[in-house]
Amino acid sequence: MNVTVLGGGNEVGASCLHIEMAETSILIDAGMRMQGEQLLPALGMLEDLPRPQAILVTHAHADHIGALPLIHKLFPEAPIYATAPTIALMRIMMKDSLKIIEERSRREETIPPYSEDQVEALLAAMLEIPANNTLRIGELRIESHQAGHILGAVMFSLMGGGAELLVSGDLSFKAGRTISGANVPRHLKPDVVIMESTYGNRAHTDRHTEEKRLAEHVAEVIAGGGFALVPAFALGRAQEVLLVLQDYMDKGLIPEFPIYVDGLVTPVSRVYRQYPQFLKGNLAHRVYREGDVFLKEGRCQAVHPKEREAILQGKPACIVASSGMLTGGASSWYAEQLIGNDKNAVLLTGYQDEESPGKALLDVAEGKTEELSINGTPYEAKARISKYGLSAHADASEMQLFIQQLAPTHTLLVHGDDDARTALSDLLDERYSPTLVENGDNYPFELRDSKKGIKGKRYKPNKEHEALRSLNGQFILYEPEDDDPLKVALCTGVHPKTNVLFSQTLKGKPVKIQPHQLIQALGQTTRTIDDVRESLQPLLDFNRQEMKALQWSHAPEGIYTFQGLLRHVAVHDSLEERLVLALALQALPTEHKRDGQSGQIEYKLDDDFMAQAQHGTLPMQGRKMNAAKAMDIARGALADEPDFTRCGADQLGETLTLYFAFPDAYTDKQKERMTSSIADQTGWEVVISPSTRQDLLFQVLSDLTENGEPESFSLHLQEKTVRATLPETSDVMEIAERFKQRTGFYFQEKGSEAAGPTQSNDLFKVTDRSVRMENNEAREETKRWAEDRDITLYKISFKGQGDDSVLEVHFISPEVAKRHEVDLEELSYRTGFPVTYAENPKQNEIIKEAVARIPASWALKKNPSIHREQSILGLKVGEATDPDEAQRVEDAILQATGYGIELKR
C-alpha cells in the first residue's frame, strides 16, 4: 500500500490523494486552493505514479473538486464516481469555480488552467455511486459511507490484498439542520485511516447557543436600522443559516424581517430540495409538505445582480450571500458597500482561510489591524464584525473518538494547518501511529501483521511530553509572557518536540503556552465553553466572595498539594473553586512552595494565610475589582442615600472614599455598615470623607426656619456648631433638634449663654439605669473602664450640680474620642451619669506624640503647628520624604492623636 499526497496535506485546500493498493491505483479528490499563486495540486507528480484506474470524489466543495477538469483531461479513460447529489452540486460549483479562475486570470494576465469545454466534458463523464454504495475497481472493493459535512458528502473505504484503508474526506458528526452526522463504519478494521484535521486544535461551542446568537444579532442590527450581511458558503452553510433565521421567526423568538439571498445560494438550495432522501428526516418531511423550505415567498427572496443597488436603498434587511470567506462573488460586493457604516454588520459563520478577506476582517475586529482589502481595494471597517461557530467539520474530541472506534494501525493527518494537525496528533494515542503528512510526500505501508510500520515522518514524545499529555482537554491557569494578569485557557494539545501547550483562551483565541507558564491544571468539564467562559472570566477580575466561601477553617496548618488542599476547602469541587484556590496559592511567598516527590508543587500554609483567606484579604489577583467598577457599585449601593454626593479612588489604588454632604449626620454604626458592605462587594478599603458641604448648612437652616430668614450666620467647624439669629417667633429647640438630625451639627442661637461642652459635643446617656454612683465612685469606675479598653484619659471631671451633673472625660483630642462613642454609652450605663467628652484637644500631648513618631531623617525644623479646624499637624522638614514612609508615619500619628500631617519644606 502506498499513499502519495499531491495536495491538501499540510493545508486546507487542493485536496488530492493518489493511492496504490492491491495492484490498483485510485485518485481521491482533486481540488484547488482559494488563495495564493499555486491554485492546483502537484499534478506533475502523476507522471511518475501509476495511472489511476478510477477517480473518487468525496463532496462538491471547490477545495476537493476544483482541479477535476484537468484530471479528466489527463486520464479520460478513468471513470469518475460521486454520489448523485454531489454530481448535481458539481454542475453548479464547477461553473462558478471556472468563472472565478477566469476573472483572476484576466486580472493577473495569466492563462486559466482549464476551459469551459473541459468543465462540460468532466460533468458529462461523471458516474453515480450505485445505491448499494459499493464499487469494484480492479482488485479493490470500495464502499462509501455518510460523512455529514454537506449534502452528498461521503467517506471511502478501500479493501483488497489483505489490507483496508479509510479516507475520511471532510467530516461532521453532529447533525445540522439539513443533514445528519457521519456514520461510523464500525465493521471496518482499517490498517490506515487518512483523516481530515481542519479543527484538530479546537472544541466546538454549543451549536444551539451559536444559532441563537446569530439570529438575535441579525435581528438587533436590522432593528437598529442597518443591514446584516451573512457571507456563507453557498453549499451547506447558507442553507443552515436560512433555516436558522426562518425557524426563529416562525417560533416568534425574533421579529420578522426580509431576507435576500444572492450568489450561488439559490441554485444550490434547489438541489437540496431535489434530494430529500439525503436530508434529515424532519427536513425531508418539510420539503415534501412545504416545497421550498429555504426561499419562502414573502420572507426570503432570491436576488439578481441588477437588483442589488435597489436592495441597499430599501428597508433594513438580512443578506445571505456567497462566498463565505469574501473571496469573491456577491458577498464581497455587499461587504464593500456596507463595511463603512457602523449601523451595518458582517456576520461570519464559517472557516476563514489565513489569506482571505474574511480572516482580515476578523483581524480588524480583534484589533490586530486597522484596514482590510476587498477585491484589491482597502477599506476602513466601521460595521459590526462577529463570528459564529456553525462549523460543518468535526472537532478535536470527535476525531479522537472516531479514531479510537476504528483503531487503525496508522493515521495520516491531512486537511489542516500545522497547529491543528499537531494538536490532533498529540491527542491521539500512540498505538494509532498519528503522522503529520506533507504535500509531495509518499507514505508506504506494510500490512498490519508485518509489524514493520510506516516509512514516513513520525514524532516521538519525550518523558516531559508524556506528563503534559494529561492536560489535553483540561482548563489551565497560566501566566502570559507579557506579565499580564493570570489567564485561563483550554489545552487542546501538546507539541511533540517543544512541549508547547496548544490552547485556546476563554474567548476562543488560539494561544501557545510554554511549560514554564503553566500555573495549575484546573481539570475537565462537560459544560459548554460559553458557560465556562461566562463563569470563570469574572473570577479572574474579582473573586472576594468566592474566596471567603471556601471552607478554610477545615484545613489546619500544614503542607498540601493543590488537590489535597482542594479536598479540605472545596464545597462543590467546581472549576470556579479550583480557579479561586489556584489564584490564592499564588499569594504565598516563594519559600512556602516546593517541588514534591510526586512531581506536584507542595504549599506550606500557616494560620496567618488561612485567616487572610477567610476574610478575603489575601494579596492575590482578583482580591478587588477595578476602580471604575468598584465606584459604580458604591454609587448603586448608596443611590437611596440623599446626602451621598460622589466617590473616588486614590492614586495608589488602595482606598475608595465616599463623600456625603453631611457625614456627621450618620452614626458610627451606620457608617460602618455602609463601608463594610461596599468593601465586601468590591474588595477595596472604604472610608468616608469627614468633609462637610459647608455651603449647604445655611440652606438647611433656612429651610427649617419658617418665619423668615436666619441672620448673622456663623460656622464654628471645630465645635461642629452653627450660630445664627432666628426670627422671634421661631421654636429654637425644635429647629436645633431637626438641624442636628439633618446635618450632624449643633445649632446655637446667638446671644444665648454658652451651654458648656454638652451642647457642642454629643451627650451619651443611658436612661434605663436607676442607680447613679457617687462622684468619686464614678471616677474610679471610669478609670477601670478606660484601663479595660486601653484608653488613655487625661482628666475626669463633672459639670453641673445634682441631677444635672454630667461626667466629662478628656481624650487627647475630640477626634480620638469619637472613635469610642459606643464605649461612652457603656460608661454611662456603668456609672449612671450622662457622659460627654471635652471639646478641646490636648495640644502639648498631641505635639509630643507626633514628635516621638517622626523619623530623625526628616530633620524637623520646629515643633509641629496645630490646625484645629482641619485636624491637621503642619510639619516643616528639611529633607524630602519617601511617600510610602510618609504614609506610614501619618497613619501612626493619626492613630495616636486623631490628627493627620501636612509636610512643608
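What follows is calculated from the coordinates using simple rules that are stated; it is not laboratory data. All figures in this text were calculated on a predicted structure; none of them were measured in a lab. Every residue, glycine among them, receives a Cβ derived from its backbone with ideal geometry; neighbour counts consider all protein chains shown.
Tabulated results
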{"quantity": "Average Cα contact separation per residue, region 694-752, under 8 Å, 6 or more apart, as relative contact order %", "calculated": "32 percent"}
{"quantity": "Theoretical FRET efficiency, 1/(1+(r/R0)^6), r = Cβ-Cβ of residue 369 and residue 626, R0 30 Å, to 0.05", "calculated": "0.60"}
{"quantity": "Cα shape, region 1-101, gyration tensor, a/c 1.5 rule", "calculated": "oblate"}
{"quantity": "Under-5 Å amide H pairs with residue 474, H placed in peptide plane, nonlocal only", "calculated": "491"}
{"quantity": "Separation in nanometres of the label points that stand 7 Å from Cα toward Cβ, at residue 507 and residue 282", "calculated": "3.5 nm"}
{"quantity": "Exposure proxy ranking, count of Cβ atoms within 10 Å, fewest first, for 488, 230", "calculated": "488, 230"}
{"quantity": "Net dipole in debye of region 530-587 [+1 Lys, Arg Cβ; -1 Asp, Glu Cβ; about Cα centre; nearest 20]", "calculated": "240 debye"}
{"quantity": "Point-to-point label distance, residue 220-residue 780, nm (Cα→Cβ direction, 7 Å offset)", "calculated": "7.7 nm"}
{"quantity": "Violating pairs (Cα-Cα greater than 30 angstrom) within the set 382/629; 669/750; 73/306", "calculated": "669/750; 73/306"}
{"quantity": "Set of lysines near residue 189 by C-alpha distance (under 22 Å), chain-local residues within fewer than 8 positions excluded", "calculated": "451, 452, 455"}
{"quantity": "Distance between region 174-195 and region 533-549 - C-alpha centres, whole angstrom", "calculated": "41 Å"}
{"quantity": "Percent of Cα-Cα distances greater than 27 Å, calculated over region 207-387", "calculated": "22 percent"}
{"quantity": "Area projected by the alpha carbon convex hull of region 843-904, averaged over all directions, nm²", "calculated": "3.6 nm²"}
{"quantity": "Residue among 346, 332, 222 farthest towards the positive dipole end of region 207-387, charges placed on Cβ", "calculated": "222"}
{"quantity": "Extreme residue, positive dipole direction of the chain, given options 89, 878, 704 (C-beta unit charges)", "calculated": "89"}
{"quantity": "Tensor-based shape of the chain (alpha-carbon gyration tensor, a/c under 1.5 rounded, otherwise prolate or oblate)", "calculated": "prolate"}
{"quantity": "Sorted by Cβ neighbour density within 10 Å, fewest at the top, the residues 790, 262, 530", "calculated": "790, 530, 262"}
{"quantity": "Length gained when the stretch residue 590-residue 651 is fully extended (0.36 nm per residue, less Cα-Cα span)", "calculated": "19.1 nm"}
{"quantity": "Which of 278, 263, 357, positive extreme of dipole for region 207-387 (C-beta unit charges)", "calculated": "278"}
{"quantity": "Under 13 Å from residue 799, Cα to Cα: aspartates and glutamates that are on another chain or at least 8 residues apart", "calculated": "808"}
{"quantity": "Cβ charges +1 (Lys, Arg) and -1 (Asp, Glu), total dipole of region 462-541, debye", "calculated": "380 debye"}
{"quantity": "Gain upon complete extension [residue 750, residue 567; 0.36 nm per residue less C-alpha separation]", "calculated": "58.8 nm"}
{"quantity": "For residue 717, distant residues with modelled amide H under 5 Å away", "calculated": "none"}
{"quantity": "Only Lys, Arg (+1) and Asp, Glu (-1) charged, at Cβ; the chain dipole about Cα centre in debye", "calculated": "1800 debye"}
{"quantity": "Which of 167, 569, 771 has the fewest Cβ neighbours within 10 Å, and the rest in rising order", "calculated": "771, 569, 167"}
{"quantity": "Extension gain, residue 47 back to residue 804 (0.36 nm per residue minus Cα-Cα distance, nm)", "calculated": "260.6 nm"}
{"quantity": "Vicinal HN-Hα couplings computed from phi for region 84-95 (Karplus, 6.51 cos²θ - 1.76 cosθ + 1.60; Hz; Gly/Pro x)", "calculated": "4, x, 5, 5, 4, 6, 4, 4, 8, 5, 5, 5"}
{"quantity": "Gyration tensor over alpha-carbon atoms, region 462-541, equivalent ellipsoid semi-axes in Å", "calculated": "21, 15, 10"}
{"quantity": "The chain, relative contact order in percent, only Cα pairs under 8 angstrom and at least six apart counted", "calculated": "7 percent"}
{"quantity": "Projected area averaged over orientations for region 288-411, convex hull of C-alpha atoms, nm²", "calculated": "12.0 nm²"}
{"quantity": "Rel. contact order, % - alpha carbon contacts under 8 angstrom, at least six apart, region 235-367", "calculated": "27 percent"}
{"quantity": "Per principal axis, descending, Cα span of region 338-415 in whole Å", "calculated": "53, 23, 19"}
{"quantity": "Residues with amide H under 5 Å from that of residue 388, placed H, sequence gap 5 or more", "calculated": "348, 349, 350"}
{"quantity": "Per-q log10 I(q)/I(0), region 694-752, q = 0.15, 0.25 Å⁻¹ (Debye; single scatterer per alpha-carbon; no solvent)", "calculated": "-0.34, -1.05"}
{"quantity": "Straight-distance crosslink candidates among lysines, where the alpha carbon sits under 28 Å from residue 251 and sequence neighbours closer than 8 are dropped", "calculated": "174, 212, 280, 296, 315, 343, 387"}
{"quantity": "Cα point-scatterer Debye curve for region 760-837, base-10 log of I(q)/I(0) at q = 0.16, 0.27 Å⁻¹", "calculated": "-0.50, -1.57"}
